[in-house]
Structures are given as C-alpha cells and as structure tokens.
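See below for the structure under consideration.
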Amino acid sequence: MANKKEKVVSRKEMTMAQWTLHQMNVNKIGYIMIAPFMLLFLVFTIVPVVLSLVVSLTNFNMIEWPDFVFMQNYATLFLDDELFITALKNTLIFAVIVGPIGYVMSFVVAWFINELAPSIRAIVTLVFYAPSISGNVYIVWTTLFSGDSKGWLNGWLMQLNIIDAPVQWLTTADYIMPICIMVALWGSLGMGFLSNIAGLQGVDRSLYEAGAIDGVTNRWQEVWYITLPSMKPQLMFAAVMSITGAFNFGGIVTALCGSTPTDYVGYTVAHHMSEYGSVRWEMGYAAALSFLMFLLVFGVNIIINKLLAKVGQ
Amino acid sequence: MKKLRTRNHKVVLNRSKGGDGAITVMLAIMGFFMVLPLVYTISQSLKPLTELFIFPPRFLPIKPTLVNFKNLFYLMNFSWVPFSRYIFNTVFITVAGVFGNLLLASLAAYAIAKIEFPGRNFCFQVIQKSLMIGAAIGGEITYIIIAKAHLMDTYWALLLPAIAGPTGLYLMKQFMDTNVTTAILESARLDGAKEFRIFWSIAMPMVKPAWLTLIMTSFQGYWQMGSSTYIYSEQLKTINYAIGQITSVGVTRQGVAAAGTVFIMIVPIIIFIVSQSNIIETMGSSGMKD
C-alpha cells in the first residue's frame, strides 16, 4: 500500500491468483471496514431474497409443507392470470409516465433551487420536500376529490354551476389513472431530489470558472456541459430511486381509491403482490411476481445507465 | 488571485435577469401546490372541532385555537405505559438507528469506493441491485430469521434490519466517487496515516452534504415508525403508535389527531431545516478541492 511503484513492478512476476491474494492481503483493511455492513446486509436482505427465489419455485402457502412446482408459478402468471396482465399494463403506464417525469423533476427543481440565493434555499427545499415529510399527505387529496358535495372540487364546481351533481372522482374509472398519476408526480420529490440538492453543492467550482473562459455563456450551457457531467453518480442514484418507486407504484392508488379500484383501473403489480402475499398467503406465487418485477426494473436500469453515459456530449 | 475573482464575477454574470425571474416564478407556482398538505395539516390542528366539519369546507381556520394541542397533552397523561416511555423508545431507536446506519453505510461505502480490495465491485453490484427489489419480497423470511435469532420483542428487531439498508450505502458511495479526490487519500497514505483515520478526517468531511442528507432521511424513517410486527410489549412501542391509539377514536378526536400529526412532524422538520442549511453552507468551504 505504502509504495505503489513496487506493487506495479511485482505484478508482472505474479500469476492472476497470486496477484489477487496479494491485493487481498494489502487491502485487508477494506474487508474490515465493509464487514459490519455486509454481515447484517447478508442476514437481513440477501438471505431472505435468495430464499424467496427458492420459494418462488414452490407452492408455499405458510400452512402446508411446500412442494417444488418449478416454473409453474411463472407460467401461470403469463398464461392463466388475466388480472396480472391488467396489473402489469397499469404498472407500465404508471412507470412510463411517473418515472421519467418524476426523475427530470428531481433534478430540475433541485437545480432551480440551487440558482436561488443561499439564504432561502433551505426553506424552499422544505417546501418542495413537504409531500414526503408531512405525516398524512393524502388526506388533502381525498378531501379535494371526495365524492360528496363536501369535497372541495365538487363544492367549487357546483358553486360555479359547472356541474349540478357531485362527481365520484375516485371511483369513476376514467378519473382514477389521471388523478393518481398527478398525485404521484406531486409526491415524487424524495430521496433522489435531496441527493441532487446535495450533489449540486459538491460540483467543483473551478470547473465553472474554466467553463466561463472556454465560452460557456449562460446557465443552460453550464448545466449541460459542466454540472450534469460532474454529477453522474448522483444522477444514477436518483434514477435508481425513480425507477424503483415507479415500478412499485401502488400505495397512492390504495390511499385514494382503495386496494381494488373500480374495474381494476389503477390496479398495479404491487397490489397483485400484496393480494397474493398477505391476503391469500400464496407465497410462492407472490415471490414469483416480485422476481419478475425485479427483472423488469433491472432491464430498465441498464437502459438508463446507457442513456446517462450520453449526458454532456 | 485578483484575476480569478474577476472570472468568478463573470460566472455570476452568466445569469440573465429574465432567467432568474422565470425560475423564481416557476418555483413559486409549483411550491404553492407542494406545500399545501403541510399547511393544511397545521391549519387542521388549529381549528376548533366545530370548524372541522363546516360546509362549505374552509382551508384556513376562522378562529385559530391551541385547544387540540392542550387536549393532546392532557390525553397523554392517561396512557397505560407512562407517555415518557414512548418518547424514550422513539428517541432511542432513532438515535441508535440513524448513527448505526450512517456509520456502517459510510465505512462500507468508503471501502468500496476508495480501497481496491478484490470483490469490491461484486459487493457493490449486489447492494445496488438489491435496491431494485420491491420491499415486499422476503418479508416472511426476515420474520422467521428474527424469531429464530430470539430478537422478537426487542429494540434489535427494529434496528438491525434497517441499519444495513442498501439505500444509505448507495448514496454514500456515489458521493465518495464524486467528492473525494483519490490523490489526497494517496498522499495521506504515503504519510503513513491509518485507513480509519483517513476515512474519518479526510473522506467524511468531503462528503458532508451526503451524510447530512442520509441523517435527515434516516431520521425521518425511524422517527415516524409506527407499530411493528416484531414488537408486542407495550413498553417498547413508539410515540407514533401511541398517538395513533389516542386519536383513533373517531370524529370527536379529529382535532387531536391533527395536533398529533403536527407534534410528530415537528422534529423531522427542524432536523431537515438545520441539515439543509448546513448542506448549503458547505458549498462556501468546499470550494478548494485540489
């Protein structure tokens, strides 16, 4: 560790295995530092997930001893579960709209706030993070869209004589998706947004000076050529947060319209998963569902990674 | 040095007045909608009971009152377990959880980002991919593990699984990548500094915005923790649970319920403002990086 030059010279004389052993020995402090985290992570995250993968190949229902059914759960999902196809379709619609828009918002808003005077930034950040910090966020939306005449929206529209009877906003199939998407976007500034705020503080300011000399003349060029490329790790973090959030979409629908909305409009894979996992106790089937979703999110993540590589070019 | 300052000045001039105005207006309009639930929750807590159910509904109270808060604190006196016990539980879990999470995640993130031990990439890939698995997965198996480890009905059941959450590590690792210059670490290593010392006195100050962000989000998670399947003793339950019990009686406690929400919210909001202000302050001091 202490002498890098020596290490490089000696590498030529070692086989791959020797070199790896040497590196392990030299950097053993790394293993010590990572050990406490990895130990707990292994026990409480990896082991449950890996065992779930095994469970997804069985008909485990929490009561009987499970039998291996191998790919049967996965086959049923695609061939014999119409509701899953509906749920998958809804999840994809939500994800395609809420994911990208929410992601772009999480950067653009953070960047706009960063353009303000430093003295008011903390408060403005709180204002935009308010949907994630208020205890009972959805109550304001359920009151707004409440189906009786006491709901604000119905009340206003009736006073203005635009409608003459209250509209059942949250149980009418046509309104469910737009309303849930709107509320989801409104609440999408979470940890990715905060990470962007923090990331903007870490951009090396000498780069901006150099940029000004090289002909950057306005803030839009500056953000594209300097800020964004210096923040790629934070952008990646926010992307993973957005994608995961978008594909696990369901909580907002449940809060506003219940866990089985009218005609299954807005019924997502997350609902389907909790239906099988915590109502019907068909754990094998629920596990198969979550692995399918994992593969989907994983695939999308690879695409995003490729797109982010193009930023600033 | 003087030359540099003129350049600095020029960078500031790269901002057009029109752009500044447009940004302010856009933020103001969006911010209005964003802050509504927060204002609404506070406004509900200040309404007397009669005003909560008037028609047409009003957003702001007509005669603001603190009676809901008085009632809340009064009702706290009658809990089965002394109310201070709930407060202690929440404070203890929050403090232990936040610092445990921060320390473990930062140490591991530093090792992965800055120490070239074989296997670090594999570890990172596993941790990053685990973020993409929905929270629902493996819950029943975690339950069995906690039961078999005899951790049921202890603080550990709440602390251990969350302390090693992948989100915090991922956040810290991303900031270690951008903010910590390897050259500085190398020269410290050449000077014979121990790795733990480099981590603590060189790397951590450089990623201050990241750990402030982590403290904030992690704090919020622990502080607002309600009832848990792992805890059944009343003595170990949290303040969020206790206030829920007081207020879940029905219409007559609606005002108290709103006061309870505000009461729980207030600490995370203070932490948020303090840490955000610090994040922004660091900008001035972290200008010199190389």
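Observations on the structure shown:
- Within segment B:121-151, being more than 10 Å from chain A (Cβ to nearest Cβ) and among the charged types (D, E, K, R) holds for one residue alone: B:LYS148.
- Qualifying residue in segment A:291-308 (condition: buried (at least 22 other Cβ atoms within 10 Å of the Cβ), not polar (S, T, N, Q) and not in a helix (DSSP H, G or I)): no
- Where a residue in segment B:219-232 is away from chain A (no Cβ under 14 Å) and loosely packed, with under 14 Cβ neighbours inside 10 Å and its partner, wherever it lies, is among the charged types (D, E, K, R) and in a helix (DSSP H, G or I), with Cβ under 9 Å and at least six apart: none
- Of all residues making up segment B:109-139, the number that are within 15 Å of B:GLY165 (Cβ to Cβ), out of contact with any helix residue (DSSP H, G or I) (no Cβ under 7 Å at 6 or more places or on another chain) and not in a helix (DSSP H, G or I): 1
- The set of residues from segment A:57-85 being aliphatic (A, V, I, L, M) and not in a loop (DSSP other than H, G, I, E, B) comprises A:ALA75, A:LEU77, A:LEU79, A:LEU83, A:ILE85.
- Residue tally, condition surrounded by fewer than 16 Cβ atoms within 10 Å (Cβ to Cβ) and more than 14 Å from every other protein chain (Cβ to nearest Cβ), over segment B:93-116: 1
- Of the criteria (1) within 26 Å of B:VAL262 (Cα to Cα); (2) of a type outside the set (Phe, Trp, Tyr); (3) buried (at least 18 other Cβ atoms within 10 Å of the Cβ), which one A:LYS150 fails: (3)
- Note on segment A:1-55: among residues that are more than 8 Å from chain B (Cβ to nearest Cβ) and touching a Phe, Trp or Tyr at 6+ places or on another chain (Cβ under 7 Å), the one that is modelled with the lowest pLDDT is A:ARG11.
- Residues that are of a type in the set (Ser, Thr, Tyr) and farther than 17 Å from A:PHE94 by Cα were ranked within segment A:263-289; the one that is modelled with the lowest pLDDT is A:SER278.
Each row is one residue, and each column tells you yes or no for (1) of a type in the set (S, T, N, Q); (2) exposed (fewer than 14 other Cβ atoms within 10 Å of the Cβ); (3) at pLDDT below 85.
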residue	(1), (2), (3)
B:HIS9	no, yes, yes
B:ARG15	no, no, yes
B:GLY21	no, yes, no
B:GLY31	no, no, no
B:PRO37	no, no, yes
B:SER43	yes, no, no
B:LYS63	no, yes, no
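- Check on B:LYS237, of a type in the set (Lys, Arg), in contact (Cβ under 8 Å) with a residue 24 or more places away in the chain and either more than 29 Å from B:ILE280 (Cβ to Cβ) or exposed (fewer than 14 other Cβ atoms within 10 Å of the Cβ) (or both): yes
- Counting residues in segment A:158-179 that are more than 18 Å from the chain's Cα centre (by Cα), facing chain B (nearest Cβ under 10 Å), in a helix (DSSP H, G or I) and farther than 30 Å from B:ASP177 by Cβ gives one or more.
- Applying the condition of being at the interface with chain B (Cβ under 7 Å from one of its Cβ atoms) and assigned to a helix (DSSP H, G or I) to segment A:130-142 and asking which residue is surrounded by the most Cβ atoms within 10 Å (Cβ to Cβ) yields A:ALA130.
- Residue in segment B:152-160 that is in contact (Cβ under 8 Å) with a residue 60 or more places away in the chain, within 23 Å of the chain's Cα centre (by Cα) and within 11 Å of chain A (Cβ to nearest Cβ) present: yes
- Checked across segment A:94-110, the condition of being part of a helix (DSSP H, G or I), over 24 Å from the mean Cα position of the chain (by Cα), within 14 Å of another protein chain (Cβ to nearest Cβ) and surrounded by fewer than 16 Cβ atoms within 10 Å (Cβ to Cβ) holds for no residue.
- Residue selected from segment A:207-259 under the condition touching a residue at least 12 places away in the same chain (Cβ under 8 Å) and assigned to a loop (DSSP other than H, G, I, E, B), by the criterion nearest to the other protein chains (Cβ to nearest Cβ): A:ASN248
The values are calculated or read from the model by the stated rules, or taken from the named source; none is laboratory data. Computed from a prediction, not measured in an experiment: that's the story for all the values here. As a convention, Cβ positions derive from the backbone with ideal geometry for all residues, glycine included, and neighbour counts pool all protein chains shown.
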